[in-house]
Amino acid sequence: MLILWVPLTLLLGFIVSHTWSSKRASELGKAPSPPPPHIVFILADDQGFRDVGYHGSEIKTPTLDRLAARGVKLDNYYVQPLCSPSRSQLMTGRYQIHTGLQHSVIRASQPNCLPLDQATLPQKLKQVGYSTHMVGKWHLGFYKRGCLPTRRGFDTFFGSLLGSGDYYSRYKCEGPGACGYDLHQGEEAAWEQDRGSYSTLMYTQKAIGILARHDPGEPLFLYLAYQAAHSPLQVPAGYLERYAGIVNPRRRKYAAMVSCLDEAVRNLTLALKRYRFYHNTVLVYSSDNGGQPLVGGSNWPLRGSKATLWEGGIRAPGFVHSPLLANKGTRCRSLVHITDWFPTLVTLGQGTLEEDLQLDGYDVWEAISEGRPSPRRDILHNIDPLYVKAKNGSWKAGHGLWNTAVRAALRVGHWKLLTGVPGYGDWVPPQTFNPQRLSLRQHSERVRRDRGKSLWLFNIRSDPYERVDLSQRYPDVVKKMLMRLAQYNKTAVRVRYPPKDPRSNPQYNGGVWGPWYEEPHGGRPLTNHLSGRGDGEKGTSSRSELTLRK
């Protein structure tokens, strides 16, 4: 018999260590938890429901198709109809009515931003050790430094603060005489880092650089918010040549922009593998709102477009791709809303969700990963008391429960209710619109009175294209949903939509779009010589304080 001699101290150490580990495991009742995953959130801009290959598009998106096919496609995924609202709900997990951003988008000249008292997704992830980085489009306000991404939870920021701009020069004009440069590194203009490259390529290179420098053993949150495929329609010629067969020039350029975006996602995915992140990464892909047919986007066969409350404005392409998914290659048919990413990703990151956050989102990871029922049963698409009122709307039309002149939309189960003016409500098949006619129309949705109607009810499960209004057939359902709208409205905060501030003009800020409003330590705002006014929050129009009758 072979007897191995082991030092007594080593043997005792092993026994103590083994006993302590067993005791800890016994006390915890479970195996040690796995490390938190890396989170990569890719947000496309104005990519319509049909503008992805796996939805039947003529646009070639092999990368997105492959990632979605090997992940989980979100078949009932909803966002908001415009840029700022979607981004605000992603960052806070709260509906627009609870942040004051119910109306339109945050304009470059407005003293407005994502409310500073709202906890953000990167802030919650930083609390549990994540390194947080943002690349791309912010569009959540910048009138004072406290509004900037680096003050809202991101360790680093490289990108634009406005809603749109030139893809090469980074310049944007907001009205006559108000033009400036919009590319930032941290909190300063990125003049020295700008090589004039196409923004989709530039942002991808910046994101890959972050991966190259980061230790894959430490949790990472990367928010990559691409500018594409928002107008202006600009793209390198090499991508445009692929779509010579598309007759409509706007659709052709738009398709090329989406193909460039698809290639960018491919390069980012390869970098995730090259730098050893991929095996422990959750990648979420989403558009921020529906496509705009006036500039080449397509939501066919859904009704409506960007900026509307029809399905075409709010139902988006989206998927989750990750080796950590339990059921890969599947579809999630449960309701998922952009507010759900906040609690879902914070929980995945092993963070905490305090009750005082008052979230409107739900943790939907088990519904996505395992196919379990989603905790979400309804979605408040919005209540906007400032939007143009429906000419024939009234309290009477709303059974005395709701003024149907007010723009609002609510989803409960398979039912969807709309009131007021939902926005341009046509069905626009791709490649059928006339380029000559389009050139005569404004780049915004057409507000239609729709034969005097101010209330609609649809069964989205059986009629996802919103062709058959059932409001007359099911008055009891209408009443219940109007009551639900009224209940939501009781929780709404005052709308934040201040008037233009002349101090925002880049000519007073070195030619750069950036913070223009400062507060001294005493809390009272500094008087600015440009306007003679002190408070950037004052001057809010009386209509911005409108509330609905309760």
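The values are calculated or read from the model by the stated rules, or taken from the named source; none is laboratory data. Everything numeric in this text was worked out from a predicted model, so none of it was measured. Heads up, the Cβs are rebuilt from the backbone with ideal geometry, glycines too, and the neighbour counts pull from every protein chain shown. For the accessible areas, the whole protein counts, side chains as well, though only heavy atoms, and no ligand, DNA or RNA atoms are used. Shrake-Rupley method; radii C 1.70, N 1.55, O 1.52, S 1.80 Å.
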### Query
Between N459 and R213, what is the FRET efficiency for a Förster distance of 51 Å, r being their Cβ-Cβ separation, to the nearest 0.05?
0.50
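Is the C-alpha gyration tensor of the range 163-202 telling us rounded, prolate or oblate? Criteria: a/c under 1.5 is rounded; beyond that, a/b larger than b/c is prolate, otherwise oblate.
Note, shape of the range 163-202 comes out oblate.
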### Task
Specify the inter-centroid distance of the range 247-270 and the range 392-423, based on alpha-carbon positions, in whole Å.
38
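Taking 0.36 nm per residue of separation and subtracting the Cα-Cα distance, what length does fully extending K479 through H399 add? Please report the intermediate quantities before stating the final value.
Details: separation 80, 0.36 × 80 = 28.80 nm, distance 0.70 nm.
Computed gain between K479 and H399 is 28.1 nm.
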### Hypothetical label at Q205: residues of the range 162-184 whose amide nitrogen lies under 20 Å (7 Å Cα-Cβ projection)
165-171, 182-184
### Query
Given a Förster radius of 35 Å and the C-beta distance between D378 and R70 as r, what FRET efficiency does 1/(1 + (r/R0)^6) yield to the nearest 0.05?
0.70
### Task
Would you please report the Å³ per residue occupied by the convex hull of the alpha carbon atoms in the range 36-181?
150
### Task
Subtracting the Cα-Cα distance from 0.36 nm times the residue separation, let me have the gained length for V468 to T156 in nm, one decimal.
107.5 nm
### Task
Kindly rank 201-207, 259-265 from highest to lowest mean number of other beta carbons found within 10 Å of each residue.
259-265, 201-207
### Task
Return the FRET efficiency for the residue pair D356, A237: r is the Cβ-Cβ distance, R0 is 45 Å, and the value is rounded to the nearest 0.05.
0.30
### the range 261-388: C-alpha gyration tensor shape, a/c 1.5 cut-off, then a/b vs b/c
oblate
### Query
For the range 168-224, with the dipole built from +1 on Lys and Arg beta-carbon atoms and -1 on Asp and Glu ones, taken about the Cα centre, which of T204, Y181, W191 lies farthest toward the positive end?
T204
### Message
On a full-extension model of 0.36 nm per residue, what is the gain between D426 and V247, subtracting their alpha-carbon distance, rounded to one decimal in nm?
### Response
62.3 nm
### Query
Ignoring ligands, DNA and RNA, what percent of the accessible area of the range 303-416 is carbon or sulfur (1.4 Å)?
48
### Message
Applying a 10 Å radius around every beta-carbon, put 211-219, 32-40 in order of their mean neighbour count, most first.
### Response
32-40, 211-219
### Query
Taking square-rooted eigenvalues a ≥ b ≥ c of the alpha carbon gyration tensor, is the range 173-278 rounded, prolate or oblate, where a/c under 1.5 means rounded and, failing that, a/b exceeding b/c means prolate?
oblate
### Message
Between the range 300-335 and the range 51-100, what is the separation of their alpha carbon centroids in Å?
### Response
6
### Task
Order these peptides, 177-184, 459-466, 282-289, 191-198, by their mean beta-carbon neighbour count within 10 angstrom, highest first.
282-289, 177-184, 459-466, 191-198
### Query
What dipole magnitude, in Debye to the nearest 20, does the range 92-206 give about its Cα centre under +1 on Lys/Arg Cβ and -1 on Asp/Glu Cβ?
320
### Query
Summing +1 for each Lys or Arg and -1 for each Asp or Glu, what net charge is found among the other residues whose Cβ lies under 15 Å from the Cβ of K480?
+4
### Query
Given charges of +1 on the Cβ of Lys and Arg and -1 on the Cβ of Asp and Glu, with all other atoms neutral, how large is the dipole of the range 173-295 about its Cα centre, in debye to the nearest 20?
680
